[in-house]
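**Student:** Following this message is one structure expressed as structure tokens.
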Amino acid sequence: MIWKVMQQIAKVGIATEPPPDIGESAQQEASRIQQELLDIMGQALTIREVDAGSCNGCELEINALGNPYYNLEGLGIRFVASPRHADLLLVTGPVSRNMEVALKRTYEATPEPKLVVAVGECACDGGVFGETYATCGKVSNIIPVDVTVPGCPPPPLEILRGILTAVKRRVKSK
């Protein structure tokens, strides 16, 4: 069986496409933002991502932050499983009625100083869902939001800029 698989691999060759060229300037901008974040924080930045009812488009872009182009973890910016370990909440989607209490509890469990970034049109203003019987609308209807990152979905570089903006605002307010 394994021999047939090996023959197939040899016959087909490399079946993947080359990685996309995001441009040198975008990579440099991402590196500059990441370094500025770490300079401001003076340590690792930990993020808790909360999907409050999104279509997962924004989550795909957030996951892209971990790829080799952006390499967040390699620079000390990482995602954590518990809000008790987080410096920042990254919230996506219109807040569904079923997620309202969970989002409030997540916010309350996050230690001070709390930073909240709403990612995507739905999190910023309710998007196509708005405020209905099934959704509470935008994230700021439920918890205080420091920065919004519009887009459907916003690209990873814009998400990085939003995180940097939130961190800068918090440092200035101290």
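**Student:** With charges only on Cβ, +1 for K and R and -1 for D and E, what is the dipole size of the chain about its Cα centre, in debye, rounded to 20?
**Tutor:** On the way: 17 positive and 20 negative charges, 94 e Å.
The calculated dipole for the chain is roughly 460 debye.
**Student:** Among DSSP beta bridges whose residues both lie in the range 27-173, state the antiparallel percentage, nearest 5. Could you put the intermediate results ahead of the total?
**Tutor:** Numbers: 1 of 17 bridges.
The antiparallel fraction comes to roughly 5 percent.
**Student:** Here is a follow-up. Where does the chain land at 222 nm, in deg cm²/dmol rounded to the nearest 500, when only DSSP H runs of n ≥ 4 count, each adding -39500 (n - 2.57), divided by all residues?
**Tutor:** Details: 6 runs with 70 residues, N = 174.
Roughly -12500 deg cm²/dmol at 222 nm, from the helical runs in the chain.
**Student:** Relative contact order of the chain, please, whole-number percent, based on alpha carbon pairs below 8 angstrom and at least 6 residues apart. The partial results should precede the final answer.
**Tutor:** Details: 293 pairs, mean separation 38.5, N = 174.
Value for the chain: 22 percent.
**Student:** Would you count, across the chain, every pair of lysines whose alpha carbons are under 17 angstrom apart, provided the pair is eight or more residues apart or spans two chains?
**Tutor:** Close lysine pairs under the 17 Å cut-off: 5.
**Student:** Considering the values (1) 10.3; (2) 14.7; (3) 13.4, which represents mean projected area of the Cα convex hull in nm² as calculated for the structure under consideration?
**Tutor:** (3)
**Student:** Measure out, as a whole number of angstrom, how far apart the alpha-carbon centroids of the range 119-174 and the range 1-80 sit.
**Tutor:** Computed from Cα coordinates, the inter-centre distance equals 21 Å.
Since every read-out is calculated from the coordinates, none of them should be taken as a lab result. These numbers come from a predicted model, not from an experiment. As a convention, Cβ positions derive from the backbone with ideal geometry for all residues, glycine included, and neighbour counts pool all protein chains shown.
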